[in-house]
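The values are calculated or read from the model by the stated rules, or taken from the named source; none is laboratory data. These numbers were taken from a predicted model, which means no experiment stands behind them. Positions of Cβ are backbone-derived with ideal geometry, glycine not excepted, and every protein chain shown enters the neighbour counts. Side chains included, ligands, DNA and RNA excluded: accessible areas come from the protein's heavy atoms. Shrake-Rupley method; radii C 1.70, N 1.55, O 1.52, S 1.80 Å.
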Amino acid sequence: MRRMMILGVGLFLVLGAWAQDADKSVLEVSYEVKYRMNQGDANLRNDVVKLLVGERQSLCYSEYSRRRTFISDSLSKTNAPVDEMISALNSKSVPRGGQPWEVLKNYPKDGTMSYMNNVFRTKYVVEEPMNPFDWQLLEGDSVIAGYTCQQAEATWHGRTWRVWYTLDLPYDNGPWKLGGLPGLILAADDAAGDYHYACISIRQGQGLPIAYEGKKPEKTTQQDFQKLYTRFLEDPSTFLNQATGGQVIIVKERSGEKVKGHTPVFMEIF
């Protein structure tokens, strides 16, 4: 039986292109993110999420996650050994983790948004209607990133979100799937305290392509994706054994201990 040992806890794969007619950014917004990755985690993790807003479409993704993917793809193209790839990704100059999802709005057609994520070697996409939030406007305002913001609140898919949006930037958009208000969302909190988004920079778009970087994904539903992703993270060794047809052991780089499974926290609760 083939035996394979993987050092570290991440698996990074070379992705082909998923062709699409790309819009280009006219506005670029960055958000500092605090999020809970696993159920039972006492501390929140850090991320930086970028929102590219175009004339028709928009794309939201983790800068941390994309940077790690770029490094692993570059090393894979040079046929670098696994231990060299793991060492590079564990360098202090490389951000840890990042949320792996990406959200394209008004794609593949207007009024539809595409949520992309992966489980091991398979990319998945969930296509659903845009702006499903039933926002209730609230009293009170605040200043975020230099813009006067108003408040709104909505409960959707098991979470209650409170957001701050500005009429000074009349874009019906925001981080992740958030949107549906008469101005750009600059901050968002969920009532459970698992997610916090705060705008840290806004600049004129540099014409960056609004495109998903990855191979063409398989269609699924959010519920089915979450079930599969949970199976993977709760028992990664068993999942990978079944996926590869071999015996896989995932161990920590320094201690050599077998990586324990955990249950992920999702932004949508069904």
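Odds and ends about this structure:
- Nearby aspartates and glutamates by direct alpha-carbon distance to Lys260 (threshold 17 angstrom, same-chain neighbours under 8 apart not counted): Asp41, Glu234, Asp235
- Under 15 Å from Lys177, Cα to Cα: aspartates and glutamates that are on another chain or at least 8 residues apart: Glu102, Asp110, Glu127, Glu128, Asp134, Glu153, Asp189, Asp190, Glu268
- You can think of it this way: the chain between Phe270 and Glu139 has 44.2 nm of extra reach, that is 0.36 nm per residue less the Cα-Cα gap.
- Convex hull volume of the Cα atoms of segment 115-216, normalised per residue: 136 Å³.
- Across the alpha-carbon atoms of segment 127-180, the computed radius of gyration and Dmax are 11.5, 35 angstrom.
- Rolling a 1.4 Å probe over the protein chains gives Leu240 an accessible area of about 0 Å².
- Residue order for Phe225, Phe266 - accessible surface, 1.4 angstrom probe, largest first: Phe266, Phe225
- Approximate spin-label separation Asn131-Lys77, in nm, with each point projected 7 Å along Cα-to-Cβ: 3.9
- Subset of Lys24/Lys227; Lys50/Lys216; Lys77/Lys109; Lys50/Lys123; Lys77/Lys216 violating a 24 Å alpha-carbon distance limit: Lys24/Lys227; Lys77/Lys109
- When you count the other C-beta atoms within 10 angstrom of each residue and take the mean per peptide, 200-208, 112-120 line up highest first as 112-120, 200-208.
- With both labels modelled 7 Å from their Cα along Cα-to-Cβ, the Thr122 to Thr148 distance reads 5.2 nm.
- The label-point distance for Leu233 and Lys24, in a model that sets each label 7 Å from Cα toward Cβ, rounds to 3.7 nm.
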